[in-house]
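K.L.:
This is the structure, below, for whatever I ask next.
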Amino acid sequence: MKKYFIIAAAALVTLAACTKNEINTPKQNQIKFNTVTGKATKAPLSGTTYKTTDPTFGVFCYALTDGNNWAANSADGQAYMDKIEISYNGTDKIWEPANTYYWPLSGSLTFTGFSPYSEASKVAYAPATKKLTVTDYVAAATIAAQTDLMWANTQKDLTDNQSTYTSEIETSTLEGVNMVFHHALSQVKFFVKKAAGLDDYTITVNSITFNAMSTGTLTVTDDAPAWGAATVKAAYDSEGSNVVAPNNSEAFAKFGKIVSDNLIGNMMVPQTLTAATPLAADDQTFTITYSLKKGTVDLGQTSKTVALKTTDVTAWEQNKIYNYNIVIDLNKIYFNPTMVDWVDADPQPTQITVQ
């Protein structure tokens, strides 16, 4: 079976910000977060905005006194917001913590964060090493349970809101702390079609399951992310079924869970891919099951297990989408004609005398 794989990269950059309050009000220096975003689903978040219906996120904030800066004095940072949950306030149209926080009268604040807040039990931050750690993150076995893990750039040595922008949910101009989130996971998607010359055959893809490492630890040190070796192999179902593979001249068909015509990716821990010959138990693989017909003639069903590692893709990297384009071919029937040569009979007829 021939295999063709095309890889596409995608990144999400998200801007979260504090609101600009009216001058001379008690809330002038209140720290709030107002996203420019909105989509509540277990699908990976996409686009460049963090929507009002996206998951709540977590924030760490550290205070430094006058004369200190984050680059040299992060170890002296005092925890001002320690893994605080930020949620959307629909009345004021802002993202904010449950308790109100204000800008300091002197000194500076440094912020970093993560999303979604539901992963908070795994997340820690060490100011001395400037390291955000997500320990033993586990990629969910089902799309319904998966989360789109993200980390935010560190915003250093701030004394006020950073920038202004126009919110998509109101016409006013807002100010805020720029929280730029980056996807920490990889997405894996599958697409199928038939090889050339098979237009008279119907190939129905019944299922695609894949085996990959499910658990890993993420560290983000001074905005430089790195995943430790992924461990614990698990099985994942792409959650598609009975998709008729298009002809080779047509576009690939999406295989998996589809919502509003969008194929939902499987969120995976970034990992190095391996493929021994023959395939070993720890290699990352997918198994495709499909059936075959020609007209009304049922020609059976089969399953093939194939390595996820390819010539071009030897690892899944964070913030990338991997589209596996699968072309299904068949074994042609050939004929090899031979002949059985004449053999002299034994016994031969006796001699016949004719007079």
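K.L.:
Does SER241 satisfy being among the polar types (S, T, N, Q) and either in a strand (DSSP E or B) or closer than 27 Å to ALA145 by Cα (or both)? Give the steps one after another, and end with the answer.
P.N.:
Working: among the polar types (S, T, N, Q): yes; either in a strand (DSSP E or B) or closer than 27 Å to ALA145 by Cα (or both): yes.
Criteria met by SER241.
K.L.:
Additional query: In region 177-186, what count of residues is obtained for those that are within 23 Å of ASN211 (Cβ to Cβ) and modelled with pLDDT under 95?
P.N.:
Taking region 177-186 first, the residues within 23 Å of ASN211 (Cβ to Cβ) are 183-186.
Now restrict to residues that are modelled with pLDDT under 95: 183.
Qualifying residue count, region 177-186: 1.
K.L.:
Take region 103-159 and flag every residue that is farther than 15 Å from PHE57 by Cβ, crowded, with 20+ Cβ neighbours inside 10 Å, out of contact with any Cys (no Cβ under 6 Å at 6 or more places or on another chain) and not β-branched (Val, Ile, Thr). Can you show your working first?
P.N.:
Going through region 103-159, the residues farther than 15 Å from PHE57 by Cβ turn out to be 103-110, 124, 126-131, 133, 135-146, 156-159.
Those still in the list that are crowded, with 20+ Cβ neighbours inside 10 Å too: 108-110, 130, 137, 139, 143, 146.
From what's left, out of contact with any Cys (no Cβ under 6 Å at 6 or more places or on another chain): 108, 110, 130, 137, 139, 143, 146.
Scanning region 103-159 gives SER108, LYS130, TYR137, ALA139, GLN146.
K.L.:
Among GLY228, GLY176, which is surrounded by 19 or more Cβ atoms within 10 Å (Cβ to Cβ) and outside the structural domain of LYS320 (by TED's automatic domain parsing)? Full working, then the answer.
P.N.:
Numbers: GLY228 fails: surrounded by 19 or more Cβ atoms within 10 Å (Cβ to Cβ).
None of the other options fit; the residue is GLY176.
K.L.:
Being in a strand (DSSP E or B) and among the β-branched types (Val, Ile, Thr) is the filter; apply it to region 300-355 and report the residue that is farthest from ALA152 (Cα to Cα).
P.N.:
THR302
K.L.:
Okay, next question. Against the definition (within 27 Å of the chain's Cα centre (by Cα) and of a type in the set (Ser, Thr, Tyr)), how does TYR117 come out, yes or no? Even if it seems obvious, please write down each step before you answer.
P.N.:
Working: within 27 Å of the chain's Cα centre (by Cα): yes; of a type in the set (Ser, Thr, Tyr): yes.
When the stated conditions are applied, TYR117 passes them.
K.L.:
Can you find even one residue in region 296-316 that is touching an Asp or Glu at 6+ places or on another chain (Cβ under 9 Å), among the charged types (D, E, K, R) and surrounded by 15 or more Cβ atoms within 10 Å (Cβ to Cβ)?
P.N.:
Pass one, region 296-316, residues touching an Asp or Glu at 6+ places or on another chain (Cβ under 9 Å): 307-309.
Still in the list and also among the charged types (D, E, K, R): 309.
Going one step further and asking which of them are surrounded by 15 or more Cβ atoms within 10 Å (Cβ to Cβ), we end up with 309.
Checked against the condition, which is being touching an Asp or Glu at 6+ places or on another chain (Cβ under 9 Å), among the charged types (D, E, K, R) and surrounded by 15 or more Cβ atoms within 10 Å (Cβ to Cβ), region 296-316 yields at least one hit.
K.L.:
Give me a count of the residues in region 244-260 that are in contact with a Gly (Cβ under 7 Å, 6 or more places away or on another chain) and part of a strand (DSSP E or B).
P.N.:
Here the count works out to 1.
K.L.:
Here is a list: ALA212, ALA229, ALA235. Which entry is outside any strand (DSSP E or B) and either within 29 Å of THR133 (Cα to Cα) or among the aromatic types (Phe, Trp, Tyr) (or both)? Explain how you work it out, then say what you get.
P.N.:
Details: ALA212 fails: outside any strand (DSSP E or B); ALA235 fails: outside any strand (DSSP E or B).
Checking each option against the conditions leaves just ALA229.
K.L.:
Just to be sure before I move on: is ASP148 among the charged types (D, E, K, R) and under 30 Å from GLY265 (Cβ atoms) in the structure I sent? Let's see the steps before the verdict.
P.N.:
On the way: among the charged types (D, E, K, R): yes; under 30 Å from GLY265 (Cβ atoms): yes.
Yes; evaluated as a whole, the condition is true for this residue.
K.L.:
All but one of (1) of a type in the set (A, V, I, L, M); (2) at pLDDT 95 or above; (3) assigned to a loop (DSSP other than H, G, I, E, B); (4) under 19 Å from the mean Cα position of the chain (by Cα) hold for ALA128, so report the exception by its number.
P.N.:
Failing condition for ALA128: (4).
K.L.:
Residues of region 93-102 being within 33 Å of the chain's Cα centre (by Cα) and either surrounded by 14 or more Cβ atoms within 10 Å (Cβ to Cβ) or part of a strand (DSSP E or B) (or both), which ones?
P.N.:
Result: LYS93, ILE94, TRP95, GLU96, PRO97.
K.L.:
Of these, LYS193, LYS293, which one is at pLDDT 95 or above, of a type outside the set (Ser, Thr, Tyr), closer than 25 Å to LYS320 by Cα and surrounded by 13 or more Cβ atoms within 10 Å (Cβ to Cβ)? Steps first, please.
P.N.:
Values: LYS293 fails: closer than 25 Å to LYS320 by Cα.
The unique qualifying residue is LYS193.
The values are calculated or read from the model by the stated rules, or taken from the named source; none is laboratory data. Owing to the predicted nature of the structure, the values given are computational and were not obtained by experimental measurement. No Cβ is skipped: glycine too gets one built from the backbone with ideal geometry, and neighbour counts run over all protein chains shown.
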